[in-house]
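No value in this document is a laboratory result; all are computed from the given coordinates. Quick caveat: nothing in here was measured; it's all calculated off a predicted structure. Here the Cβ positions follow ideal geometry from the backbone for every residue, glycine too, while neighbour counts run over all protein chains shown.
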Amino acid sequence: MSEVLEKYDVVIGLEIHAQCNTVSKMFCACDNDSFGKEPNINVCPICMGFPGMLPAVNEEAVKKGVKTALALGCSIPKMSKFDRKNYFYPDLPKAYQISQYDEPLAVEGEVEIEIGGEVDEHGNVAGPPEYRTIGIERLHLEEDAGKLTHVSTGTLCDYNRSSTPLMEIVSKPDMFSVREASAYAQEMQKIIRYIGSSSADMEKGMMRFDINVSLKPKGREELGTKVEIKNVNSFRSLERVLEYEIERQSALLDEGKADEIVQETRGWDDERGTTESQRTKEGASDYRYFPEPDLPPLIMDEAVVEKLKSELPELPVTKKKRFMNEYGLNFEYATLLVSDPNLAEFFEQTLERSESVPKKVASMIINILSALLEESRISILDSKVTPEILASVLSMVEKGEISNGSAKEVIEEIFQNGGDPEKIVEEKGLEQVSDTGFIEDLCKKVLEANPDAVEDIKAGKDRAFGFLVGQVMKESKGQANPGMVTKVICEIIE
Ligand SMILES: [Zn+2]
């Protein structure tokens, strides 16, 4: 790959399809949630394309589309319209898809993405993150097609998905490596989830990519012939598609067969790891676009757009930078907290109620709570451990009332069964003992039993010190205040 990149510039653009998580479908009142349901039960004459039926635009889908577009810095034209994109395929009962052609919902935006900074596949830290801005050409709304399943006796059609609202987000050809394209795709998933316009769950087909990729001799202005690979449905596949296509196209260019790279649509075969030509790319004229006669143009109310703008959340890249600058968190902690907007919110809410330093709050959430959430596969929103509870556990640690180990035990207990932290500490006898007399007695006992370790310390071997503190902690069943134990041992030895 690196040899290829010395000779050629790679230019990549992505079209992202994300299903809006609205209650009903794009143009009818059918239930928009068909996951795991029996085929062809969420259908009606409108989404099945029966003659004479009239579609109506789903307002919620429009709002979600506008909000997503605003987050991507797009401008929202006063007017947009729907068009018919005509083609015949069994997954499309109407034989046309209602989409937006020359007057889309939103245009001209840009999005900041973060590249690298994380640990690479070999476990090496790939250095500090870089930031890049990727242009967004447009965001438009359309309806999804049905789903085809090919079996030995023929093809089965399920129209539950037919007319699910889709946002299509088209980037500019602004990505120049597999890494950038992958980072952009992942950032878009995060942004869409922050906005809440789609679950963007790729395993359920809620987010898919069409990839445009072309190569040109290094430094040449004019773009090479672009090839489109449709319906890629995982980040891993996105990377594999690009790696394969870049190799394929560069090999043809190396052999002087540039004319064999044609503008076409190719399909990705995940098992074989190859792309296959499906059809030479249709021009827009092949779709015979014309304005949808059953839907009036969409006129945007400025007040609605302003309201949606005011509701925009802080985006993940901005939030991560703020967590590092404002709270002094390291990249790893900030990345983990920001990966889920609810987790980030939980962190800040706990911080607000706590006297602990941000790093300690973050550590408690990441090392204890996140592990529990992951194990039980529940959302932080459904956790019995609330920001109030976590703050009060942290406060007990700060005051020296319980040890870090006991804090973990309390959090685990509340996570499973709920309850009040102070009561649990009392019931389980987890109070940290700061009684000087009790700790002195324990220390004396441990020092007498370990004369060798005492000699080692006197000879300057510090490791023995940790051993002795550990022994006292063990004797106290973890309840002695470790700070006091350290102090008392020092005093006795001196
Ligand atoms: Zn319907």
Antiparallel DSSP beta bridges within the chain, percent to nearest 5: 95 percent
What residue among Cys47, Gln432, Phe323 has its Cα farthest toward the positive end of the dipole of the chain, where the charges are +1 on Lys, Arg and -1 on Asp, Glu, each on the Cβ? Cys47
Near Lys218, within a Cβ-to-Cβ distance under 10 Å, what is the net charge of the other residues, with Lys and Arg +1 and Asp and Glu -1? +1
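Given the -39500 (n - 2.57) contribution per DSSP H run of 4+ residues, what per-residue ellipticity at 222 nm results for the chain, rounded to the nearest 500 deg cm²/dmol? Walk me through the numbers before you get to the answer.
Numbers: 17 runs with 192 residues, N = 494.
Helix-only estimate at 222 nm: -12000 deg cm²/dmol.
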From Cα coordinates alone, what are the radius of gyration and Dmax values for the chain in angstrom? 29.7, 96
Pairwise centroid distance, computed over Cα atoms, of the stretch 178-219 with the stretch 15-68, Å: 23 Å
Order of Arg161, Arg132, Arg463 from fewest to most other C-beta atoms within 10 Å? Arg463, Arg132, Arg161
The stretch 416-438 and the stretch 282-327: distance between their alpha carbon centers, rounded to Å: 51 Å
Rounded, prolate or oblate, given the Cα gyration tensor of the stretch 137-258, with a/c below 1.5 counting as rounded? oblate
Once the dipole of the stretch 102-261 is set up from charges on Cβ (+1 Lys and Arg, -1 Asp and Glu), the residue from the list Pro173, Leu242, His150 lying farthest towards its positive end is His150
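Give, rounded to the nearest 20 debye, the magnitude of the charge dipole that the chain has about its Cα centre when Lys and Arg contribute +1 at Cβ and Asp and Glu contribute -1 at Cβ.
Numbers: 58 positive and 90 negative charges, 147 e Å.
The dipole of the chain has a size of about 700 debye.
If we count every other residue with Cβ under 12 angstrom of Leu329's Cβ, Lys/Arg +1 and Asp/Glu -1, where does the sum land? Provide the component values of the computation, followed by the final result.
Numbers: positive: Lys319, Lys320, Lys321, Arg322, Lys359, Lys360; negative: Glu326, Glu332, Glu348.
Net local charge, Leu329 excluded: +3.
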Net charge contributed by nearby residues that have their C-beta within less than 11 Å of Ser80 (K/R +1, D/E -1): 0
Against the longest alpha carbon principal axis of the chain, how many degrees, from 0 to 90 and to the nearest 10, is the axis of helix 482-493 turned? 30 degrees
Any idea what angle helix 59-71 forms with the longest principal axis of the chain, computed on alpha-carbon atoms, 0 to 90 degrees, nearest 10? 70 degrees
Using 14 Å as the cut-off for backbone N distance, which residues of the stretch 74-112 belong to the label zone defined by a point 7 Å from the Cα of Leu312 along Cα→Cβ? 74-77, 106-112
Label points 7 Å out from Cα along the Cβ direction at Ser379 and Val304: separation in nm? 2.5 nm
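Can you put Tyr89, Tyr8 in order of Cβ neighbours within 10 angstrom, beginning with the fewest?
Details: Tyr89 11, Tyr8 21.
Sorted ascending by nearby Cβ count, the order is Tyr89, Tyr8.
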